[in-house]
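Participant: Dropping a structure here in structure tokens format, bear with me for questions.
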Amino acid sequence: MASLGIANVKIALVDKAGTVLTGANGIYKYTDQATTDTTGIFDVTVDSSFGVASLALSNLEGSTTDIFGNNVLVYKSAGKGAPQAVLTINALPNEIKMAALGMPSDGKGGFTLTGKADPNNRLALLAESAESFDATKPIYVGMYMGIASEAAATWTSNNAAENRTQDALTIASLERGDDGFGKYYFSSASKFDADTMLKDVFKGASTTNP
């Protein structure tokens, strides 16, 4: 699937059933929007985060194993992959990032480095690109739930140039029951509907805040 750039990413915290969490339990829980949030969805825009830099997907499928019979190769046993995404954002707001990572807050501006990812803190995402030779036809990938982590961070001194880092979240995907890990969506496909796509990825979410 060829693509052209990356236009947008949306993220949300979800429960074990993949239903979006809102308010004091959602992605805005460490912000002053927690009391008014009804969507639970954070939109990674130029205004909110200086935009998304990249989304890298890996381990989408498992390896195959040769099966021989009668001295010939008769079948391939297909192993199952465990998809993983690396989401890189230019400047994700600090409180949103801490919520995505599941870092506990002390209520005084501090967030505890626990030394491990929180397996009960689950993140859903929907990313938008476009067809490689037609920017007017969006394509999407949605991941229903995954565990976000950040294994390392490096702060570097400025010199003659500014040394700026980005926020890179590694998201190890989980399956949402029989729904699988997620879906690709193509705006060119027959009967594609953007609202239906949003409701599929962000289960139970309202699409707008009041």
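Participant: Which value, in Å², gives the accessible area per residue of the chain when a 1.4 Å probe is used on the protein heavy atoms?
Facilitator: 58 Å²
Participant: Further question: Decide, for region 86-210, between rounded, prolate and oblate: order the square roots of the alpha carbon gyration tensor eigenvalues as a ≥ b ≥ c, take rounded if a/c falls under 1.5, and otherwise choose prolate if a/b is larger than b/c, else oblate.
Facilitator: The shape class here is oblate.
Participant: Same structure again: Which value does Rg/Rh take for region 25-150 over its C-alpha atoms, Rh per Kirkwood?
Facilitator: Taking Rh as the inverse mean 1/r over Cα pairs, Rg/Rh reads 1.12.
Participant: Among the lysines, which fall within straight-line cross-link reach of Lys137, defined as a Cα-Cα distance under 21 Å, with same-chain neighbours fewer than 8 residues apart omitted?
Facilitator: Lys10, Lys183, Lys191, Lys199
Participant: Could you look at region 94-210 and say what percent of its accessible area is carbon and sulfur, using a 1.4 Å probe and all protein chains?
Facilitator: C and S fraction of accessible area: 50 percent.
Participant: Here's another thing I want to ask about it. Please list, by residue number, every one of the GluC sites (Glu not before Pro) in region 148-210 that is coil in DSSP and has at most 13 other beta-carbon atoms within 10 Å.
Facilitator: The qualifying sites are Glu162.
Participant: Next up: With Cβ to Cβ distances under 13 Å as the rule, what net charge do the other residues near Gln33 carry (K, R +1; D, E -1)?
Facilitator: -3
Participant: How much net charge surrounds Asn90 when only the other residues with a Cβ under 9 Å from the Cβ of Asn90 are counted, with Lys and Arg +1 and Asp and Glu -1?
Facilitator: That sum, taken over residues with Cβ under 9 Å, equals 0.
Participant: Taking only the C-alpha atoms, wrap a convex hull around the chain and report its volume per residue in Å³ as a whole number.
Facilitator: Expressed per residue, the convex hull around the Cα atoms of the chain is 200 Å³.
Participant: Based on alpha-carbon centroids, what's the gap between region 83-124 and region 147-210 in Å, whole number please?
Facilitator: Computed from Cα coordinates, the inter-centre distance equals 13 Å.
Participant: Rounded to the nearest 500 deg cm²/dmol, what is the calculated helix-only ellipticity per residue at 222 nm for the chain, with -39500 (n - 2.57) per DSSP H run of length n ≥ 4?
Facilitator: Computed mean residue ellipticity for the chain: -2500 deg cm²/dmol.
Participant: Just order 25-31, 194-200, 105-111 by mean Cβ neighbour count inside 10 Å, highest at the front, would you?
Facilitator: 25-31, 194-200, 105-111
Participant: Could you pull out the chymotrypsin sites (Phe, Trp or Tyr not before Pro) across region 163-210 that fall in loop regions by DSSP (anything but H, G, I, E, B) with no more than 14 other Cβ atoms inside 10 Å?
Facilitator: Counting only loop positions with at most 14 other Cβ atoms within 10 Å, the chymotrypsin sites (Phe, Trp or Tyr not before Pro) in region 163-210 are Phe192.
The values are calculated or read from the model by the stated rules, or taken from the named source; none is laboratory data. Because the structure is predicted, anything quoted here is derived from the model rather than measured. Please note: Cβ atoms are built from the backbone with ideal geometry, for glycine as well, and neighbour counts cover all protein chains shown. Only protein heavy atoms, including side chains, enter the accessible area calculation; ligands, DNA and RNA are left aside. Shrake-Rupley method; radii C 1.70, N 1.55, O 1.52, S 1.80 Å.
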